[in-house]
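Here the structure comes first, spelled out in structure tokens, and everything after it is commentary.
Rule-based calculations on the coordinates, nothing more; no lab input. From a predicted model like this one, the values you see are computed outputs, not experimental measurements. Cβ placement follows ideal geometry from the backbone for every residue including glycine, while neighbour counts extend to all protein chains displayed.
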Amino acid sequence: MLQKPRGTRDFLPDEMEARRSVEWRLRDVGRRWGYREVCTPEFEDLELFTMRSGEGIIEEMYVFEDKGGRKLALRPEITAAVIRMYINEAKVAPKPLRWYYFADCFRYERPQKGRYRQFWQFGVELIGADTAMADAEVIMLAADMLNATGATYELKVGHLALMKNLLADLEPDTQRKVRAHLDKREYDNLKDALATMGKTDLAESLVSLVECRTLEDAFMIAGEVPGRERIEKTLYALDAYGVKYTLNFGIARGLDYYTGTVFEAFADNLGAENQILGGGTYRLAHLFGGDDVASCGFAIGFDRVMVSLGEAKPRQDTVVGIVCTEEGRSRALEVAGAFRTAGIRAEMDLMERGLGAQLAHASKSADFAVVIGKREAESGLVTLKNLKTGEQKSLDLPAAIAEVGSHGAR
Ligand code: HAM
């Protein structure tokens with residue numbers, strides 16, 4: 001028997017309905033903040049992602065050559081593609097641009113719960129605003145979106161300038177390695193790596209920076225950094241809006257394009273793969289041949305949010321099973337059409353079974369049965385049976401539709 005590729009998933013109807021319901025809540029929050037949806041191709045020139053996406057992601061990419069010999073990659077993330085699109089299509093549009101996307105990404109990772117090779121991101125990019133308020137808006141939006149999903153989580157906000165200040169004397173390559181250890185919270189590896197270079201003090205400062213939770217302490221450990229005022233203003237706006245967050249200057253982010261403010265959210269009830277959102281300020285446009293535009297954005301790991309929310313509920317809406325005899329069939333088609341026009345799910349028997357078997361099936365799959373035999377076809381009335389209570393009534397069609405309509409969701 002053929003199986004789906006490793007790290008991918010199939011979604012049955014209950015699960016798809018649960019996913020769509022969360023997706024629409026996210027879309028609605030985006031709309032209320034003035035963000036509009038964009039869409040980019042599923043694959044791009046490989047180069048788009050090798051320029052700044054960071055070593056980790058480059059190693060995990062699905063790369064292939066097309067028949068024209070072009071090197072392409074399935075998108076491992078969407079920010080780089082959105083900025084490419086901005087340069088191609090919207091460079092002259094009035095700034096800032098407020099965009100969101102809901103799309104799948106591909107990374108060749110070791111699959112486990114919450115970590116897949118095909119996964120969905122709900123992301124936001126605010127392009128062309130370089131202010132504390134812009135950074136704050138994106139973080140506030142992240143909090144509003146996560147709240148709308150119903151997930152419980154911790155939001156951590158930091159800034160790369162402090163860590164960069166401490167690492168300033170190291171070679172760029174070593175800096176990257178140290179940041180990768182910090183990103184993965186591998187403190188022992190970090191200490192070992194720095195000890196071999198005779199930088200035990202630096203390891204201690206880094207660990208205390210990662211562990212401190214106030215701005216004052218952070219500046220004391222890392223020294224004064226440019227942009228202190230912007231960090232303070234951003235946090236002031238977050239406090240004014242009532243965003244719940246903790247400061248964390250250990251956030252290093254796995255991607256190489258971030259420039260300043262960074263933030264991540266972690267679900268309370270997930271195991272190792274508990275990061276459900278990541279983002280920050282970044283600059284990419286100048287690398288792709290555009291102006292050096294400042295941007296800020298984030299992506300929600302949609303699948304992890306769904307794991308955190310738990311099992312999908314069974315179907316929620318009311319279902320009517322249309323049960324008919326051969327003589328009632330043409331009236332039954334009309335009746336089914338009328339229920340559907342009224343917005344009610346109506347399912348007809350397709351198995352050419354007898355009335356009894358049709359009713360037995362309806363009692364498993366529907367909330368009501370509408371029975372149409374010879375008598376109903378002639379009288380114009382329908383027999384409406386509530387399959388939960390067994391109660392049965394003879395009604396005209398509008399009354400039957402009204403009765404089912406007033407039943408509400410299960
Ligand atoms: P990222 O942190 O690489 O950031 O991914 C964002 C989120 O996608 C993660 O926090 C995680 O929840 C989810 N995610 C990542 N890999 C997987 C996986 N293999 N399976 C399931 N979920 C996964 C970015 O991609 C940036 N583009 C975010 C951003 C937007 N920064 C600025 N704008």
Can you give the % of DSSP beta bridges in the chain that are antiparallel, to the nearest 5? 80
Please say if the chain is rounded, prolate or oblate, where rounded means a/c under 1.5 for a ≥ b ≥ c the square roots of the C-alpha gyration tensor eigenvalues, and otherwise the choice is prolate for a/b larger than b/c and oblate otherwise? prolate
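For Ala272 and Asn147 in the same chain, what is the full-extension length gain: residue separation times 0.36 nm, less their Cα-Cα distance, in nm?
Net length gain for the segment: 42.8 nm.
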Below 8 Å, C-alpha to C-alpha, sequence gap of six or more: please give me the relative contact order for the chain in percent. 16
With r as the distance between the Cβ atoms of Leu395 and Lys233 and R0 = 60 Å, compute the FRET efficiency 1/(1 + (r/R0)^6) and round to 0.05. 0.40
Ranked by how many other beta carbons lie within 10 Å on average, peptides 220-233, 159-172, 252-265 from highest: 252-265, 159-172, 220-233
Compute the length gained on full extension between Arg9 and Glu216: take 0.36 nm times their separation in residues and subtract their Cα-Cα distance, giving the result in nm to one decimal. 69.9 nm
Cut-off 14 Å, label point 7 angstrom out along Cα-to-Cβ of Ala357: give me the residues of the stretch 316-340 whose amide nitrogen falls inside. 324-326
With everything on Cα atoms, drop me the angle between helix 355-365 and the longest principal axis of the chain, reported from 0 to 90° to the nearest 10. 20
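Among bridges DSSP assigns within the stretch 238-377, what percent are antiparallel (round to 5)? Display every interim value, and only then the final one.
Working: 13 of 22 bridges.
Expressed as a percentage, antiparallel bridges in the stretch 238-377 total about 60.
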Per-residue HN-Hα couplings for the stretch 181-187 [Karplus 6.51, -1.76, 1.60; θ = phi - 60°; Hz; x = Gly/Pro]: 4, 5, 4, 8, 6, 9, 5
So how far, in whole Å, is the C-alpha centre of the stretch 181-232 from the one of the stretch 387-405? 68
Distance in nm between pseudo-label sites at Ala342 and Asp45 (7 Å out along the Cβ direction from Cα): 5.9
Applying the Karplus parametrisation 6.51 cos²θ - 1.76 cosθ + 1.60 with θ = phi - 60° to the phi angles of the stretch 191-201, what ³J(HN,Hα) value in whole Hz is obtained for each residue in order, glycine and proline being reported as x? 4, 4, 4, 6, 5, 5, 9, x, 10, 4, 4
Roughly speaking, what is the centre-to-centre gap between the stretch 9-58 and the stretch 322-344 when only Cα atoms are used, to the nearest Å? 40
Applied in sequence order to the stretch 140-156, the curve 6.51 cos²θ - 1.76 cosθ + 1.60 (Karplus, θ = phi - 60°) yields integer Hz couplings, x standing for Gly and Pro, of 4, 5, 4, 5, 4, 5, 5, 4, 5, 6, x, 6, 9, 7, 10, 9, 10
Of Lys113/Lys177; Lys364/Lys393; Lys156/Lys233, those spanning more than 22 Å from alpha-carbon to alpha-carbon: Lys113/Lys177
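Can you tally the net charge around Phe119? Count Lys and Arg as +1, Asp and Glu as -1, for every other residue whose Cβ sits under 15 Å from the Cβ of Phe119. Walk me through the numbers before you get to the answer.
On the way: positive: Lys4, Arg6, Arg9, Arg19, Arg75, Arg107, Arg110, Lys113, Arg115, Arg117, Arg304; negative: Asp10, Glu15, Glu23, Glu42, Glu60, Glu77, Asp104, Glu109, Glu273, Asp303.
Net charge in that neighbourhood comes out at +1.
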